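Here is the structure we will look at, set down as structure tokens.
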Amino acid sequence: MSTQESIRSHRLDRMAALAGAGARVGINYLKHYGRQAISGRADSEALQEQNASEVFRTFSELKGGPLKLAQMLSIDQSLLPPAYAKQFARAQYSAPPLSYPLVVRTFRREFGKDPREIFDAFEPQAAHAASIGQVHRATLGGRAFAVKVQYPGVAESLRSDLGVVKPIALQILGLRERDVAAHFREVETRLLEETDYEKELRSAMHLSAACTHLPHIRFPEYHPEFSSRRVITMDWMDGEAFDVFADGSAPQVLRDSIGQALWDFYAYQIHDLRLFHADPHPGNFLVSGDSLCVLDFGCTKTIDAAFHAKQFAFLDPALETNPARLAAAMESMAILLPSDTPAQRAHLTALCKKSLELLARPFRTGHFDFGDPAFMSAIYELGEENRRNDTLRGIRGERGSADTIYLNRTFFGLYSLLTRLRAHIQTPLPTGLVFE
Amino acid sequence: MENRTRILEAYTARLREHGTPPHTVLAFCKSLNLSERDFFHEFASLDSVESALWGDWISGLTTRLENGAEWKEFSARHRYLTFLFAFTESSLDWRSLMLTRFSHLAPVGSPPFLKAFEEHFKVFASDIISHGISTGEVAHRGPLQTLYPAVLYIHFRAVISFLLKDESQRFERTDAFIEKTVAFAFDVIRTQAIDSAFDLARFLAPSAWGKMS
């Protein structure tokens, strides 16, 4: 069999597996309507849950690319019904572990040595999973290290899988490719970057050096001499997992201080460095004493000064009372297009105003209490409302800048983490922002 | 240099340069300046020279692994994985030779020039299976389990086929292929899946024969 044929059959296998999920979703719908016909009522929520599990099961059977695709679709909450988002959020915990011989093989390929020839001790069992690999604990000369090892061939299969799976996934999830094309491109770029450990090491070293002066934020030291295309070695950090800390009985003062550190860390990256850690997920942080440790720089995003100015012009308080300024800001970001009818303009403007009122709320008062869960659930509700909004779906055209995806994801993640911490913190407007 | 080594080295050099084995023992001996008597004292045929060539590779590899410090602690699955990864690593020195001699072969079938290669592997594989039975990783299955080394040999040959077609950087896809197929294989031999398949085959086979006759 030629190489071309073997690749094709490999793709066909995957397509068959996905088509299977599509069929199962279809059967669930039949059951749903059957039940509706008999009883006159049906539980739509339950149907969605069931479909989400089916799709998720198929995606995780395929591992690799489809799994990451699932994650990328769950990034933008408004693209996905909550049931899907919930299932997909599980994705990063369920990748299969690498066997110890494969870890040894990877070391021999990368360094020409066994891990136990490099370190005094190397745990054969992974301490925990990373999104596309796993972390082992090692020691050398009394110092403890966290050694992150990547699955072999993950970048290649990611590339081929995304191409095959994308149209089918869009079909299953009921999305229109044209409207999300730029978004897909952006997410694909970021996902492929996550497989580039050399870039991750550079970002990690750069960002941790640039942020080291911030109070209550700590970074592990990175070790390029034990790092390569497939391995990243950093100091082992002791501490409490972020979600354990947040859900535990920590005193309010400590919650506020950790929350403030988190906010300041992101404010500094976004507004001063314009390069930021774009994956504020609980698994990427530890709490150690009165400090927050940042562990993973796989996903970082750079924005330019022009985009930053346009994006954060939306924080101008005058926008709420001055329609002309709001329209100008929306046009500058291509949220409003010249071809829009007056009715469409009005609809989009109302929507934008509503989102803005909610998302900019923490900035309005200079301090904010994330302890009130109503704020986060209002954000979820808004996302859900937009998703169900038929008028909005009917408005065509690719809108907004793809750069906003990861910025939105970052703010969404940041707000979620702060809500989980129930932190009450200072939330000033970024300094140096000039509103004309 | 003793004759066995001379013959093996000359044979390998010829395979590497010409891509084909020598045509006759006579011609081969002439090029080596060796008498036929001396040749047949070491090997019965040209095929057995090549058989020794590949067989020595596998037995050298398994001996090295079995004497390694960590080998005793490894489970059967980890031993088999360690062997396959050591094999792919070592195959970098043999890749062009393997491409000339293996790429046209189907994973099943036993050409004479791979006799010792196959035998050494199967002895090694049955050691792994016995170890697996003693640790409970492999289910006891009476006479059926004598087939396991043969099944692992087919798997090993499939790994070689995959490796020779692999175009990925540093053959990483082969590593993933090994990891995934071995995980699957050991999942199957740990459970009753084989028993059920065998039972189904026994049930279907007579009726299939009945319909044909």
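The values are calculated or read from the model by the stated rules, or taken from the named source; none is laboratory data. Values in this document were obtained by computation on a predicted structure and should not be read as measured data. In this analysis, Cβ positions are derived from the backbone assuming ideal geometry, glycine residues included, and neighbour counts consider all displayed protein chains. SASA here: full protein model, heavy atoms, side chains in, ligands and nucleic acids out. Shrake-Rupley method; radii C 1.70, N 1.55, O 1.52, S 1.80 Å.
Among strands (runs of 3 or more DSSP E) lying entirely in segment A:106-158, which contain 1 or more residues that are modelled with pLDDT of 95 or more? Give the derivation first.
Numbers: elements: A:128-130, A:133-140, A:143-150.
Because the criterion is at least 1 residues that are modelled with pLDDT of 95 or more, the strands (runs of 3 or more DSSP E) in segment A:106-158 that meet it are A:133-140, A:143-150.
Restricting the search to segment A:220-237, which residues are touching a Leu at 6+ places or on another chain (Cβ under 8 Å) and surrounded by fewer than 21 Cβ atoms within 10 Å (Cβ to Cβ)?
Selection gives A:220, A:222, A:224, A:237.
Testing residue A:374 on (1) at pLDDT 85 or above; (2) surrounded by 18 or more Cβ atoms within 10 Å (Cβ to Cβ), one condition comes back false. Which one is that?
Result: residue A:374 fails condition (2) only.
Output the residues belonging to segment B:94-104 that are within 14 Å of another protein chain (Cβ to nearest Cβ) and free of Cβ contacts under 8 Å to residues at least 60 places away in the same chain.
B:104
Which condition breaks for residue A:125 when tested against (1) open to solvent by 60 Å² or more (accessible area, probe 1.4 Å); (2) under 29 Å from the mean Cα position of the chain (by Cα); (3) away from chain B (no Cβ under 14 Å)?
For residue A:125, the failing item is (3).
Being over 21 Å from residue B:76 (Cβ atoms), within 8 Å of another protein chain (Cβ to nearest Cβ) and in contact (Cβ under 8 Å) with a residue 12 or more places away in the chain is the filter here; which residues of segment A:96-110 pass it?
Scanning segment A:96-110 gives A:106, A:109.
What's the total number of residues in segment A:241-263 that are in a helix (DSSP H, G or I) and either open to solvent by less than 30 Å² (accessible area, probe 1.4 Å) or at pLDDT 95 or above (or both)?
Residues of segment A:241-263 in a helix (DSSP H, G or I): A:242-247, A:252-263.
The next check asks that each one be either open to solvent by less than 30 Å² (accessible area, probe 1.4 Å) or at pLDDT 95 or above (or both); those that pass are A:242, A:245-246, A:252-263.
Looking only at that region, the number is 15.
State yes or no: is residue A:419 among the hydroxyl-bearing types (Ser, Thr, Tyr), modelled with pLDDT of 80 or more and in contact with a Phe, Trp or Tyr (Cβ under 8 Å, 6 or more places away or on another chain)? Break it down stepwise before answering.
Values: among the hydroxyl-bearing types (Ser, Thr, Tyr): yes; modelled with pLDDT of 80 or more: yes; in contact with a Phe, Trp or Tyr (Cβ under 8 Å, 6 or more places away or on another chain): yes.
Here the answer is yes, as residue A:419 does meet what is asked.
Checking the condition open to solvent by less than 60 Å² (accessible area, probe 1.4 Å), touching a Lys or Arg at 6+ places or on another chain (Cβ under 7 Å) and within 22 Å of residue A:214 (Cα to Cα), which residue from A:303, A:270, A:335 passes? Spell out how you get there, then give the answer.
On the way: A:270 fails: touching a Lys or Arg at 6+ places or on another chain (Cβ under 7 Å); A:335 fails: within 22 Å of residue A:214 (Cα to Cα).
Step by step, each of A:303, A:270, A:335 is checked, and only A:303 is open to solvent by less than 60 Å² (accessible area, probe 1.4 Å), touching a Lys or Arg at 6+ places or on another chain (Cβ under 7 Å) and within 22 Å of residue A:214 (Cα to Cα).
Could you please give the count of residues in segment A:338-371 that are in a helix (DSSP H, G or I), of a type outside the set (Ser, Thr, Tyr) and open to solvent by less than 30 Å² (accessible area, probe 1.4 Å)?
As a first pass, look at segment A:338-371 and keep what is in a helix (DSSP H, G or I): A:342-359, A:361-364.
Filter once more, so that each one left must be of a type outside the set (Ser, Thr, Tyr): A:342-348, A:350-354, A:356-359, A:361-364.
Subsequent filtering for residues that are open to solvent by less than 30 Å² (accessible area, probe 1.4 Å) retains A:348, A:352, A:356, A:358, A:362-363.
Residues in segment A:338-371 being in a helix (DSSP H, G or I), of a type outside the set (Ser, Thr, Tyr) and open to solvent by less than 30 Å² (accessible area, probe 1.4 Å): 6 in total.
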